Every structure is written in structure tokens, then in C-alpha cells.
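The values are calculated or read from the model by the stated rules, or taken from the named source; none is laboratory data. Computed from a prediction, not measured in an experiment: that's the story for all the values here. Note that each Cβ is placed from the backbone with ideal geometry, even for glycine, and that neighbours are counted across all protein chains shown. Note: areas computed on protein heavy atoms with side chains; ligands, DNA, RNA excluded. Shrake-Rupley method; radii C 1.70, N 1.55, O 1.52, S 1.80 Å.
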Amino acid sequence: MTASYDKNTAVVVLPPAVGGRISDPSLRGWLAQADLVRNNERVELLASILRELDRPYPTSGLAALRMWGETGDRPTSWIAAADPVYLEPRLDNLCLHALRRGGVSPAELRPLIDHLQRALGGDSGFGFARLGSNGYLTSQQPIASASVPPYVIDQRVPSNFLPQGDDVASHRNLLSEIEMALHDHEINAERESAGKFPVNSLWIWGGGYAPEQQTEPHPPLFSDDALLTGYWQSMMGLAESWPGNIAACLDVAVAGFVATLPEFDDDDELLESCLRELRGALSSNRLSSLILLFRDDLRAEVRRSHSMRLWRRRNTLLEAPPEDSREQIRRE
């Protein structure tokens, strides 16, 4: 039997908060009373949320779930995500850049994917497709793929995250062909001229088939993340777009909910506004607890009883750094 989650808890993914991003001292003091911890390892977002809900993480088919969330329809073929990356050669290894914050626009990705389809698709048994700024690989026969998306290993050595085992030859050979096909493509020349990283490879991950749809209790989801949306749809859960504020989530949800603010919206005013709304919902007994997952790997668990921790007034994680390092933190 699946364990039950706390139905009066809200799990909310928020912009970064470390290093003085929260200017309101009352909010910093409120969070200082909570249970705060900063994770050392980046974790894929769906995995983080399902862990908080005590739900099992899918063992395969993550790319198919993401496509499901983008299209609203359950894919029926084997699919892997094929996300654009830049592999930077260094002295003794490669460094992967995920290209998420800088972005690869649909207008840039389209000709790259079309070129790969002409060069490598068709009779090879592989197919390449694009939805927005996401790439996908279809295959007549399943191949090995990485288990995590590129943002989890951004600016790290990718070889440590490649698939292992006996069935990796197809993956390795396909990556070599992709990289040769992308070399010197005109889109990459244009990106480099504009001071951007070229797309010199694709990160193949999350391969598998979409699961059969099932009914499993989950709190309502408010998010524009396609993978989260696809997973919720596979569980017959309520999934709506992020409405722009916490109050709208509270209006729809009978009890707790899961919400994710847009990934690259680092608006400090929006962060503080959402925190005030969450603090109010907790103090008014609308929610029993909060799990706040900030995008700089900070986790806060907040309960009403924490307001009695009067001795906790500050937490160094939330305080502003020396003046000369503030700009560096904001750039990160």
C-alpha cells in the first residue's frame, strides 16, 4: 500500500534565497526559525518533490512523461530526451554546460534537429524531433540512456553520469555521430559570433516508454514544468499552470498542494510575496506545514510550532555576504 502524504502540507519550489536575496528581515527571521538545510548534491526536480510526498520515483520513461506533459497525449513509442548541451574541452576532461539559463531558442534548435534527422534518422531506426526548446530521440529498439537531465550535472564532468553496463555501445556510437553532425553547423557559428556556447552535443537521458495511466492520490499541482505535468497526468492528478501567486493555488486546492515558480524568474519581490502568502496560510491554519525547496538547493521545513523558537533570530545561509561577493552570488 502506498504511504499517505500529509494532505495539509504545501510543497513549493521557489527562486534562490541564499546570501541575502530576501531583504525583508521579518521573512528572514521567520525562515531562521524553520528547519533549514542546504543540499550538497543537485537532484532532479521531480525526484525531489516525490521524495517529499513519499511517492516512488519512476525508474524509466521520464522523457516520455515530459513529452506527455508538453502535448497532453500519452506517447506510445520508446522515447529519450535529447537536450542541447555544450561539452567544453578542458585539460584532462570535458565539462558539460546545460544551456538552460542562456537558452537555445526553438528557432535555433529546429534547424539543428532537422539536420540530425536528415543525417542520422530514417533507415537507421532513430528519429529526432523537437517540441519548443526540447529535443527528443525515438528508436525502434531501446538503447541505454543517462538517468538524469543535463541541469543536474551542469558544469561538471559528464562521464560520471553516462549509462553503464553491457548495453552502452549504441548510446556511445550515436553520441559520436551526433557530435560529428553538429560540428561546424551554421547555427553554432551564429551562436559563437553572438558570444554564446555552441550546441556541440545532445544529452540523451530518461529513455523508456510512458507508463500506463493510473489513479493515485496526489495533491494538486500548479506548475509549468512539463515533466511534472506529465507525471501528474499519468497519475490522473489535477495539474494546472502556475497561476502567478500562492493565493490562487489556495483558492483551488482543498488542502495542500505542490507549486513551482518559473525556473528562471529570480524576481526577489515575487519570492518575498510568495513567502508572505505562505506564512499567512500557515499562521491562519490553512496549511499545517510547508516544505520550501529553493532553486539554490536550500530546503526549509516550516511548521506553526516553529514560531516558538524565539532564540532563533538569524541563519547565516540567509544573511547577505560581504559587499564584494554579492554580485557574484546573483550571477550564479
Self-check item: Residues (open to solvent by less than 50 Å² (accessible area, probe 1.4 Å) and not in a loop (DSSP other than H, G, I, E, B)) located in region 89-105
Solution: Cys95, Leu96, His97
Exercise. Please work out which residue is modelled with the highest pLDDT, limiting yourself to region 251-276 and to residues that are charged (D, E, K, R) and under 14 Å from the mean Cα position of the chain (by Cα).
Key: Glu263
Quiz item: Is it true that Leu221 is touching a residue at least 60 places away in the same chain (Cβ under 8 Å), in contact with a strand residue (DSSP E or B) (Cβ under 7 Å, 6 or more places away or on another chain) and aliphatic (A, V, I, L, M)?
Solution: no
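Take the residues of region 265-288 that are among the hydroxyl-bearing types (Ser, Thr, Tyr) and assigned to a helix (DSSP H, G or I): which is most open to solvent (accessible area, probe 1.4 Å)?
Ser283
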Exercise. Could you list, in sequence order, all residues of region 113-125 that are farther than 18 Å from Met67 by Cβ and either in a loop (DSSP other than H, G, I, E, B) or of a type in the set (S, T, N, Q) (or both)?
Key: Ser124, Gly125
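Hey, can you tell me all the residues within region 289-300 that are open to solvent by less than 40 Å² (accessible area, probe 1.4 Å) and in contact with a strand residue (DSSP E or B) (Cβ under 6 Å, 6 or more places away or on another chain)?
Kept after step one, since they are open to solvent by less than 40 Å² (accessible area, probe 1.4 Å), are these residues of region 289-300: 289-294, 296, 298, 300.
Result: Ser289, Leu290, Ile291, Leu292, Leu293, Phe294, Leu298, Ala300.
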Quiz item: From the set of residues in region 143-195 that are touching a residue at least 24 places away in the same chain (Cβ under 8 Å) and small (Gly, Ala, Ser), which is farthest from Gly103 (Cα to Cα)?
Solution: Ser170
Quiz prompt | Breaking point among (1) under 30 Å from Ser283 (Cα atoms); (2) open to solvent by less than 70 Å² (accessible area, probe 1.4 Å); (3) not aliphatic (A, V, I, L, M), for Asp54 | solution = (2)
Quiz prompt | Lone qualifier among Thr229, Thr260 - being open to solvent by less than 10 Å² (accessible area, probe 1.4 Å), in contact (Cβ under 8 Å) with a residue 24 or more places away in the chain and β-branched (Val, Ile, Thr) | solution = Thr260
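For (1) surrounded by fewer than 16 Cβ atoms within 10 Å (Cβ to Cβ); (2) assigned to a strand (DSSP E or B); (3) in contact with a strand residue (DSSP E or B) (Cβ under 6 Å, 6 or more places away or on another chain), each residue gets a yes or a no:
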{"position": "Gly127", "(1), (2), (3)": "no, yes, yes"}
{"position": "Gly135", "(1), (2), (3)": "no, yes, yes"}
{"position": "Thr138", "(1), (2), (3)": "no, yes, yes"}
{"position": "Ala144", "(1), (2), (3)": "no, no, no"}
{"position": "Tyr151", "(1), (2), (3)": "no, no, no"}
{"position": "His171", "(1), (2), (3)": "no, no, no"}
{"position": "Ile178", "(1), (2), (3)": "no, no, yes"}
{"position": "Val199", "(1), (2), (3)": "no, no, yes"}
{"position": "Trp203", "(1), (2), (3)": "no, yes, yes"}
